[in-house]
Every structure is written in structure tokens, then in C-alpha cells.
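Notes to accompany the following structure.
The values are calculated or read from the model by the stated rules, or taken from the named source; none is laboratory data. Given the structure is predicted, the values throughout are model-derived calculations rather than measurements. Here Cβ is always computed from backbone atoms with ideal geometry, including for glycine, and neighbour counts include all displayed protein chains. All accessible areas refer to the heavy atoms of the entire protein, side chains included, with ligands and DNA or RNA removed. Shrake-Rupley method; radii C 1.70, N 1.55, O 1.52, S 1.80 Å.
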Amino acid sequence: MAAQIVPFSDEETLVLVNLAQQYEVWIEAERVLAGLPYNLRWQTVSGRDYLYEIIDRQSHAKSLGPRTPENEAAFDDYHAKKSEAAHRRDESRAVLDETCRLYRALRLPLIPAEASQILREADRRSLLGTDLLVIGTNAVPAYFLEAGGRIMNTPAETQDFDLAWSGDHADADDNPVWALLKSVDSTYTVNTERTFQARNAKAYEVELLVAPSKVKAMGRSTRPTPVPLEEQEWLLKGRFISHVVVGRDASPARLVVPDPRWFALQKLWLSVQDKRDPLKRGKDRRQGMALLDAIQEGMPRFKLDATFEAELPDELRPQFENWKADRKSQKPKPGW
């Protein structure tokens, strides 16, 4: 059956537009605050004032030198920037919270609260789209928004979370994913039997995947530790999609996801792999077929034409041909 897109209503569309705009104002303020030192303050030592940068909540600090015109200017500039950004964050947060509640009341596509928390922190750290992509079923709500409606018969949420490393470089000593997860929930630990997976105290699972071409860009010490998979290369192709959605806890988050064409074809490829969990193959096929239909019907930015087909590797060509044959067989026959 061809995908059936149920268009968002005018009210739903207005909420989606407002959500995206309000989130941008809020996250920009959050990024400014994240880029500033934890605090700056003066301390008197042996009768002389010194400027100290406070590093964390435990009041660890480092000296920036004695009071000078330059340090006084740095102190004033820091507090002015911090005050202005905090004001913008707090003002935008009140409006954003209300829009998130409307979003959830309208039953627009949701993601798990745990995923929302991780994505918000990743966005605050400017990792989304540059270093991290959301893959797997929790990417699907972004495709709903791209299509302008709900894609029927398409599972859109699971109680685990798949991320793919897409960056070209990382810190030489560590990958930022582990610091990100621990900042969100200190109970995350690496699954010793599946080292590409982290789990928190509530058994919520986060998996980190990587394409072979990106392994060297992950840093020497990586937790979780992904196993390079050739099929992840396909998800780096084309144009990424970015949309703001809401978690089940009514909190906002940005989804940055692969090009829907490559995502759909990878799902169809997975659906015929012996290594794939048999319980997931049916869902993979439904997602892949419905998403390709939705691309054809409601995502004009993503062409399923001869130019795209020429890019396909041999592994994905049969899946694309099967979809075309299925779609052709379901065209309505003339009624005369």
C-alpha cells in the first residue's frame, strides 16, 4: 500500500512553525551561556585583588591575574553578556514551554523524554549535524514534519536511541559523546557485552554507530565504542534534515537526521539481512516502503529520479527496483 500522508491541520502547522522559531531563540541563548566561563569574580589575596575564573560548581578556580584595566573590562564584559543571554533564555523559555504543551496536546509526533534530553544537550554543545546524527526509528518524526503530515503505517518511536558519528574530527583524547551522556544522566554506563551501547539506571539504551570512513575522526578514547558498519556510509550521503520536535515530557529537541531517501533504502536493505533481528525486519520494511512513497508524494526537495538512481550502490539497487515495482503495481486502473 502506498504511503498515506495525513496533512497537518492549520493549527498544527502554526504550532510547528512557532516551535521552530522559539526554539532557535532559546538555543542560541543557551549556546552563548555554554560558551562562557562558569563565573568570574574578584578575590583579595594579601591585600591585592585578583580576577578568578570559577570553573565548576565545586568552586575550582584559576587566576587570571591581578586587577588591571584590561581585567576590569573583561569582568564587566563577561557579566553583561551573561546577564543578557540569561534574560533572553528565560524570556524565550516561557513562550517555548507553552508551545510544547500545545504540541503534545495536539498529539504531534513525539520522541522519548530521554532522547529529548540528550538531543537538547547535544544541540547546546553544537554537535548536531556536525558530529552526530539521529538514526533509527526515532529519526522518523523529522520525516513527518518534512512531509507536512503524519505518514501512516510508519512506526515513529522506540524505547532506545541510535546515534551515528558524522564528524570529521574530535578531541585527540576523547570523543564528546561520553561527556554528553554523563552530563545528562550520571547513571549511564557502557554495556560490557555490547560496548557500542550505554544504559542508564532506568535501562534506557543509547547506541553509537559509525561508518568506516569516520572511525579515525572519533578520537583515541571513545565510549561507547562503536563497531564500524559499511551500511552506515549510506546515511552520510545526500542532505541532512533538521526539525524541532517535542519529547513525551513536553520538552523541545532538534532532530538532525539523514537524507530520507538513503534512510529508507538502508531500512529496506536491513529488512532482508540475515544478521538483522527477525522481530525488526517487518518494521524495517514498512518504514522503508512507506517513507519512499512519502518522499515521492510530499517531499519535493528530495528527488527519486534517474540522477539519484545513478548514485545507488549495487547493494541498494534491488531495493529501489522493488519499491518502484510495488508502486507501479498499485497504481489505480482506469475506471472505464
Would you be able to tell me the number of residues in the range 59-84 that are open to solvent by 80 Å² or more (accessible area, probe 1.4 Å) and either under 24 Å from ALA29 (Cα atoms) or touching a residue at least 24 places away in the same chain (Cβ under 8 Å) (or both)?
4
Which one is nearest to VAL245 (Cα to Cα) among residues in the range 2-53 that are aromatic (Phe, Trp, Tyr) and buried (at least 16 other Cβ atoms within 10 Å of the Cβ)?
TYR23
Give me the pairs, please: first residue somewhere in the range 19-40 and touching a residue at least 60 places away in the same chain (Cβ under 8 Å) and of a type in the set (Gly, Ala, Ser), second residue anywhere and surrounded by fewer than 20 Cβ atoms within 10 Å (Cβ to Cβ) and assigned to a helix (DSSP H, G or I), beta-carbon distance under 8 Å, and either six or more positions apart or on two chains.
ALA29/ALA85; ALA29/ALA86; ALA29/ARG88; ALA29/ARG89; ALA34/ARG124
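Conditions (1) outside any strand (DSSP E or B); (2) surrounded by 19 or more Cβ atoms within 10 Å (Cβ to Cβ); (3) modelled with pLDDT of 95 or more, marked per residue:
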| residue | (1), (2), (3) |
| --- | --- |
| ILE118 | yes, yes, yes |
| ALA122 | yes, yes, yes |
| ASN138 | yes, yes, no |
| THR154 | yes, yes, no |
| ASP174 | yes, no, no |
| THR192 | yes, no, no |
| THR195 | yes, no, no |
| LYS202 | yes, no, no |
| LYS214 | yes, yes, no |
Which residue pairs have Cβ atoms closer than 6 Å, lie 6 or more positions apart in sequence or on different chains, and pair a first residue in the range 102-123 that is within 18 Å of THR137 (Cβ to Cβ) and hydrophobic (A, V, I, L, M, F, W, C) with a second residue that is in a helix (DSSP H, G or I) and open to solvent by 30 Å² or more (accessible area, probe 1.4 Å)?
ILE118/VAL184
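Residues are listed down the side, and each one gets a yes or a no for (1) outside any helix (DSSP H, G or I); (2) buried (at least 23 other Cβ atoms within 10 Å of the Cβ):
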position: ARG254; (1), (2): yes, no
position: PHE263; (1), (2): no, yes
position: TRP269; (1), (2): no, no
position: ASP274; (1), (2): yes, no
position: ARG281; (1), (2): no, no
position: ASP284; (1), (2): no, no
position: ALA290; (1), (2): no, yes
position: ASP293; (1), (2): no, yes
Residues in the range 240-252 that are in contact with a strand residue (DSSP E or B) (Cβ under 9 Å, 6 or more places away or on another chain) and open to solvent by 50 Å² or more (accessible area, probe 1.4 Å) total 3
